[in-house]
Amino acid sequence: MEGVIDAPMRRMLTGIGGYSRCVTEFIRVTDVLLPEKVFLRLCPELVQGGMTESGVPVYTQLLGSNPDVLALNAKRAVDLGAPGVDLNFGCPAKTVNNSMGGSLLLRDPARVGSIVASVRQAVPAQVPVTAKIRLGYDNAESLQEIVECIRAAGATELAIHARTKFDGYKPPAWWSRVKTVVHEQDDTTFINGEIWTVADSLEACRRSGCRHIMLGRGALSAPDLALRISTGDSSCAAPLAWMEVASMVEAQFLRSDSQSPRHIGNRTKQWLAYLKRSYEEANDLFGRLRTLHGISEIQAAFDAHRQWYASCAGQPD
Ligand SMILES: Cc1cc2nc3c(=O)[nH]c(=O)nc-3n(C[C@H](O)[C@H](O)[C@H](O)COP(=O)(O)O)c2cc1C
């Protein structure tokens, strides 16, 4: 996920478990073959075989609209060791759509198909080429056609975010609308959107007919969600304790966010905003960090939060 799930975050989340693969933040492809350093910056895992430390493959995500140039860049990613290439046809961002990328392409299913075909041809047959779409641009009327074009072009897997671009991120996600394009025993179509709990994952699969899911914000809101889904823990009896999660947030801050020259603290704040959904305690930490931008003051806020938490723990409910 752009701007929030970078390599240290992938390492942390896949270290908890439950993931069979993940993707990089997107590499925006316009009209040139990008230098190797761009791929290595967004996917440092390439130097270790394209896997996270816990052995989960990291597919390189490309976003663009030119089939030939996307193919060249996909080949470069694979030559550098990417175990798979993921194509983004779901991004609703204005800047991306203005340059004819992301979900805007859903208005032109044939072009989506030609992009997938071009990338498929450019990389060896054993390397997965996956695609991510929404139900459509302003409505879901072309979903069948979009999916047929993607499958005919040879995509290995397809993840469907069950909302249109016009829906944005507004709940609900229309899981049942995906059912029309899912086959019996379909292992290549993944349902995505509004999956925050184990119960949501079961309901999304039931309504869509999919057997596999892709997590989005839920992965940030509950870092052990994939593990609990994969082990079938629908009771949600023992999610990670807050202090364990808070330590992960601090470690992530130190490894990633504090290194960012211009936006220190932004990724941490964004993660905390999602954590608030599952952990009430995240509100306190978020409140302390919200206006801070310096490394030492943010670290002091983590310390103060720990003291606050310890003092609350001693209080009766
Ligand atoms: C901050 C943010 C960044 C995202 N970045 C990407 C991205 O790089 N590629 C992509 O295919 N989807 C991206 N998405 C969309 C998510 O993958 C997912 O499809 C969407 O959030 C719906 O799932 P959810 O309701 O479970 O979050 C992003 C979403 C958010 C909120």
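Computed in the context of the full set of protein chains, the accessible area of segment 123-197 at 1.4 Å probe radius has 52% of its extent on carbon or sulfur. Reported to the nearest whole Å, the Cα centre-to-centre distance from segment 32-56 to segment 243-314 is 27. Summing charges over neighbours of Thr180, with a neighbour being any other residue whose Cβ is under 14 Å away from its Cβ, gives -1 when K and R count +1 and D and E count -1.
Computed from Cα atoms, the angle from the helix 109-122 axis to the main principal axis of the chain rounds to 90 degrees.
Rounded to the nearest 10 degrees, what's the angle between the helix 7-16 long axis and the longest principal axis of the chain, both from Cα atoms, 0 to 90? For 7-16 against the chain, the angle is about 80 degrees. The mean accessible area for residues of the chain, using a 1.4 Å probe and ignoring ligands and nucleic acids, is 45 Å² per residue. Distance between the modelled labels on Ala251 and Asp68, one decimal in nanometres: 4.7 nm (7 Å Cα→Cβ projection). Taking the C-alpha atoms only, the angle from helix 295-313 to the longest principal axis of the chain is near 60 degrees.
For the residue pairs Lys37/Lys170; Lys179/Lys276; Lys37/Lys165; Lys179/Lys269; Lys132/Lys179; Lys75/Lys276, the C-alpha atoms sit more than 28 angstrom apart in Lys37/Lys170; Lys179/Lys276; Lys37/Lys165; Lys179/Lys269; Lys75/Lys276. Summarising the strand pairing of the chain, around 5 percent of its internal DSSP beta bridges are antiparallel.
Overall size of segment 242-313 from C-alpha positions, given as principal axis extents largest first: 36, 23, 20 Å. If R0 is taken as 45 Å, the Cβ-Cβ distance between Gln121 and Ala310 corresponds to a FRET efficiency of 0.15. In segment 242-313, the portion of solvent-accessible area held by carbon and sulfur atoms comes to 49 percent [1.4 Å probe, whole percent, DNA, RNA and ligands not counted]. For segment 127-246, the calculated P(r), taken from all Cα-Cα distances in 10 Å bins from zero up to the bin holding the longest distance, is 13, 43, 30, 11, 2 percent. Once you reduce segment 178-226 and segment 121-173 to the center of their Cα atoms, the two points are 14 Å from each other. For the chain, the mean residue ellipticity at 222 nm estimated from helices alone is -12500 deg cm²/dmol, where every DSSP H run of n ≥ 4 contributes -39500 (n - 2.57) and the total is divided by all residues, rounded to the nearest 500. With no solvent and one equal point scatterer per Cα, compute the Debye intensity ratio I(q)/I(0) for the chain at 0.07, 0.14 Å⁻¹ and report its log10, rounded to two decimals. So the normalised log intensities are -0.28, -1.12.
The values are calculated or read from the model by the stated rules, or taken from the named source; none is laboratory data. Since we're looking at a predicted model, the values are computed, not measured. Don't worry about glycine lacking a Cβ; one is built from the backbone with ideal geometry, like all the others, and counts go over all protein chains shown. Accessible surface is based on the protein model in full, side chains and every heavy atom, while ligands, DNA and RNA are left aside. Shrake-Rupley method; radii C 1.70, N 1.55, O 1.52, S 1.80 Å.
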